[in-house]
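One structure is given below, encoded as structure tokens.
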Amino acid sequence: MEKVSKRVNVQHKTRNSILTNMNKNNSKNNKLKTRLKVSELVPNRGIQRLELVVLRTYPRRLINSTSYTGQLAAACGRDETGIVGIVLWDSQVNDVKTGDIIRIENGWCRSKNGELVVSSGKNGILTILDR
């Protein structure tokens, strides 16, 4: 019995030291972007990191303009504070499905007809976290 409890204590100390080191490394090297919430979105400002559950995707459209040629689709998503529109581009149109949890990093937020709309845009990243 004593040997088992000593092993557990050693593992517990090791885990604490690993977590402590990870926190130190993250704070020094990789400052994690704080997650933005829908209630904190401001039109015409960038989005550092936003995580949403996709509630619905709408049919795709084909766009041919001077700045973009390809697929485009609308969707809507939500977090614990509200609902927001999403613009999906190119491969995102086929990849993102209803029920997916997505993360948008380095994207944009705009106001369209009084409603907020977000997108990864040209320079941002949209990641599917979970299905």
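The table below lists the values:
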item: Of residues in region 54-92 being crowded, with 18+ Cβ neighbours inside 10 Å and β-branched (V, I, T), the one nearest to E115 (Cα to Cα); result: V84
item: Test: N113 is surrounded by fewer than 17 Cβ atoms within 10 Å (Cβ to Cβ), on the phi > 0 side of the Ramachandran plot and at pLDDT 95 or above; result: no
item: Test: residue in region 102-110 that is more than 19 Å from N44 (Cβ to Cβ), assigned by TED's automatic domain parsing to the domain that holds E51, part of a strand (DSSP E or B) and modelled with pLDDT of 95 or more; result: yes
item: Qualifying residue in region 66-76 (condition: modelled with pLDDT under 95, outside any strand (DSSP E or B) and not aromatic (F, W, Y)); result: yes
item: For D100: the one exception among (1) crowded, with 16+ Cβ neighbours inside 10 Å; (2) acidic (D, E); (3) free of Cβ contacts under 8 Å to residues at least 24 places away in the same chain; result: (3)
item: For I63: the one exception among (1) touching a residue at least 12 places away in the same chain (Cβ under 8 Å); (2) among the aliphatic types (A, V, I, L, M); (3) in a strand (DSSP E or B); result: (1)
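The values are calculated or read from the model by the stated rules, or taken from the named source; none is laboratory data. None of the values given here were measured: they were computed from a predicted structure. Using ideal geometry, Cβ is built from the backbone for each residue, glycine included, and neighbour counts are taken over all protein chains shown.
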